[in-house]
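The structure appears below as structure tokens.
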């Protein structure tokens, strides 16, 4: 990347809208919103990864702050409880010197029955130039993007998508498995293990990982893989490699990455799962199961974990776990995305003069 | 206004305590608190409006920040859920470079039964110089003002008052109907439509609008207008024009502004309203009803809206609607009020040297 | 103290790691965490008090801000509702120019059942360098300190400890009774009155006050003093003076300080207290009871108060009350502690170059 993030809060704002691709050609960021990763090309992913490298360097400074978003207001509107995603976006935005407004739906007048569209219009009129939205309804960020004049970042919508999680997962694999080269992930075996059916993390990872050329395996009880066989077949036509199986030993064999998904306790009620105990016995990521994977295979989890259910405590805290890395990388990835979206030609707010 | 808001966060603080009236005579802001608008003169309203003009100019800058309240702490203490008012004050205070502390009563120890007076003393001892208070009990801000050493801004108390809402409504009408001259509102017909009885927005608007010489109409089911006939008669003695009627066609005829109020669903239980459906049929602001008003009449609503009940969706989003303007103007009006109160001679905290 | 807090947010960072003792010898702060006051020596207490003097001077400036923690993130993680302690830490950290992240457990994913250790790891990975933790389980901050790479400040854990409250109480007594000299508290009679059994405030005060040489009396219904006789006997071996009694007239006689504790209404259910009315009649701090104490004796309360129960309203608001002072001193003490911990040699984060 030829552009650099120079200076601190007292220096001039530098917002690059053009970055050099790995091949040396200039590549611009063309997206106004980040709603999912399904429309990101390999070049887009590469630009996000390289911008995240720059943000990681910023995070290593004694004062991890650059003025890229000074004078912009980032509003974080969450209709679901969250610690790590909400705080990660807040820290990321503040590190870029943005003003941050937090709105938790549970304590705000959005509980008075106002429509989402009206809330979005209100948030914009209150000065928001970028909107980070988590909503329990799949597709809600798309509706918000239709209304909002600035940039919308999807921080998780229903079962549908969680694009920043997929991008931080990709960045973590690229750093740990491929020495920082996205191409180095091509052909690596990655297993997503658990409740794929209800997981927005899984869906966004499917898009990001197969775009990056990963050999992706989805594994879990068949009731929690429903519909993914058809997805795998249609993906194969486009050259994406997805294998769906309920046989955990087959899935884990020689895997380079095992990503365990959170089991939602409320799934029990639906009859899709017999019991947490049985789930843990058959699909929990234990040290024994992990030994089937390639030596040094990465252990990942989007958090929060149910230790002893989908992942054993010794595995979660073990030498192969990069779960804490995922969280730390999340701040850098979100800084990169806020930065790219703020500089995109389609961004609603005028960019400060560079 | 002869004084200007110069500079940004890196320049000196400029706090004017004197502004020139429209007639060219210097008029000072004499109020330490903003508890209601009933004690604001026409000159006071005019000063707020002109200070808001200046703040609107600030909001149009690439970096909408001035150092007027640098080093001051504004505490926002809300005993009721709110999005727009809470965020509006927060953004306004931050735009003036104040430090902002948010306290939501539902998640704080005020739920432990501490008295309001003790809470106010505590908030002041924690460093608050300005207090923005929303409380479900009418009159609570007056009690707070008796205790608090700095300035209290009422952000809504029970059914009693919501002065900043009335002032942003006034500013919106002045901009849209009167070319920025408050005198231009004299004699214009403004209709407040709906549940006037339970509305603090209506009560504060009655004071502000009649002080500005508006021909004010209150319209709604008779059960929701109880007591306002007497108010209208007593107001008439002082030369204020208020008409109370349940006949919506009479009220809307040739109106310059129609402000629909939110219907609280919990009113149904009290027997004051038969049903939302019947309310919508008889008093909802539809395109058909709006056609009775003057051409281009303004449609207003304090939000949050129940679309399809007190206001039809096509009217709320239509060309005559200035509802989003109201929200945006709210930030500017609150900046103006924080600014004027901070510079008032009676303000508890010493003003930074200019 | 030979070091001074110079400058404002635009000047260089000054973090003293060495301060001169009263005797003129340099004394360093050796603690990485503040979990309780039981391991603080008289010299430690003195250093905290003198650093608080410096912070009080800062709070008196027109713009009460120094850059000591610029670029550091202080995360405030509260598993219990709180106004004063949470806001006090927030204001203290902001006055030192730290970035503050607030996490209230009730609205965050910590309610999803994640373990405390995982939450602490996540908070650290999100960038926290200092962690302020309130938790309903006694000992939780010790577990956090085992995991967290930076400094942990206990903001109250179960019935166990509330060290910053004890230190602000000590500072208040030192200012009001001893002219700012900690030694001046030696031999003064201090009474803690009320529900000692369930009080983390009492436990931390017992350590701090007896280390400072105070003649400490614990008074309340015998059911609420259970176990403290044994503590008093064992303390006596180490030269600490604690007297335990249920006779309020004996306890209050000639007292220099009376600190009333909050009665938790939920204690009634446990059968430990007959009724609030009876408690108020027998142990409430009334003007009549206060007249038994030394003339001008200080009235203290950690808040929030149940006026009319453990303390009469006229006493709480009377001339001898320093309850509001306690709150104001709390900000200064917390500034001092954040400052000392940030500069401690064992602090996890690299200190900015001075």
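The values are calculated or read from the model by the stated rules, or taken from the named source; none is laboratory data. No experiment lies behind these values; they were computed from the predicted model shown. Backbone-built Cβ (ideal geometry, glycine too); neighbour counts: all protein chains shown.
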Inset, instruction - Determine if the range A:110-124 includes at least one residue that is at pLDDT 95 or above and under 14 Å from the mean Cα position of the chain (by Cα). - result: no
Counted residues in the range B:77-95 being closer than 19 Å to residue A:129 by Cα and either part of a strand (DSSP E or B) or away from chain C (no Cβ under 14 Å) (or both) come to 10
Among the residues in the range C:241-254, are any within 13 Å of chain B (Cβ to nearest Cβ) and surrounded by fewer than 16 Cβ atoms within 10 Å (Cβ to Cβ)? no
With criteria (1) in a loop (DSSP other than H, G, I, E, B); (2) under 18 Å from the mean Cα position of the chain (by Cα), residue B:69 comes up short on (2)
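Could you grab me the full set of residues in the range A:186-209 that are closer than 17 Å to residue A:40 by Cα and out of contact with any helix residue (DSSP H, G or I) (no Cβ under 6 Å at 6 or more places or on another chain)?
Residues satisfying the conditions are A:186, A:200, A:202, A:203, A:206, A:207, A:209.
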The condition of being more than 27 Å from residue A:312 (Cβ to Cβ) and within 17 Å of the chain's Cα centre (by Cα) holds, among A:198, A:162, A:136, only for A:136
Of C:104, C:161, C:98, C:128, the only residue that is closer than 23 Å to residue C:323 by Cβ, touching a residue at least 12 places away in the same chain (Cβ under 8 Å) and touching a strand residue (DSSP E or B) at 6+ places or on another chain (Cβ under 8 Å) is C:161
Filter the range C:289-319 for residues that are without any contact (Cβ under 8 Å) to a residue 24 or more places away in the chain and farther than 21 Å from residue C:249 by Cβ; the one that is nearest to the other protein chains (Cβ to nearest Cβ) is C:307
Filtering the range A:154-170 for residues that are buried (at least 24 other Cβ atoms within 10 Å of the Cβ) and more than 14 Å from every other protein chain (Cβ to nearest Cβ) leaves a count of 8
Per the filter on the range B:63-76, residues touching a strand residue (DSSP E or B) at 6+ places or on another chain (Cβ under 6 Å) and more than 9 Å from chain C (Cβ to nearest Cβ) are B:74, B:76
When (1) closer than 26 Å to residue B:121 by Cβ; (2) at pLDDT 95 or above are applied to residue C:38, the one that fails is (1)
The condition of being within 14 Å of chain A (Cβ to nearest Cβ), in contact with a helix residue (DSSP H, G or I) (Cβ under 8 Å, 6 or more places away or on another chain) and free of Cβ contacts under 8 Å to residues at least 24 places away in the same chain holds, among C:147, C:122, only for C:122
If we ask which residues in the range A:241-292 are farther than 18 Å from residue A:198 by Cα, within 24 Å of the chain's Cα centre (by Cα) and either at pLDDT below 95 or in a loop (DSSP other than H, G, I, E, B) (or both), their number turns out to be 2
Exercise. Return yes when residue B:194 is touching a strand residue (DSSP E or B) at 6+ places or on another chain (Cβ under 6 Å) and closer than 25 Å to residue B:270 by Cα and no when it is not.
Key: yes
(1) more than 26 Å from residue B:124 (Cβ to Cβ); (2) more than 8 Å from every other protein chain (Cβ to nearest Cβ) all hold for residue C:98 apart from (1)
Item checked: Residue check, residue A:67 without any contact (Cβ under 8 Å) to a residue 12 or more places away in the chain and over 30 Å from residue B:314 (Cβ atoms) -> no
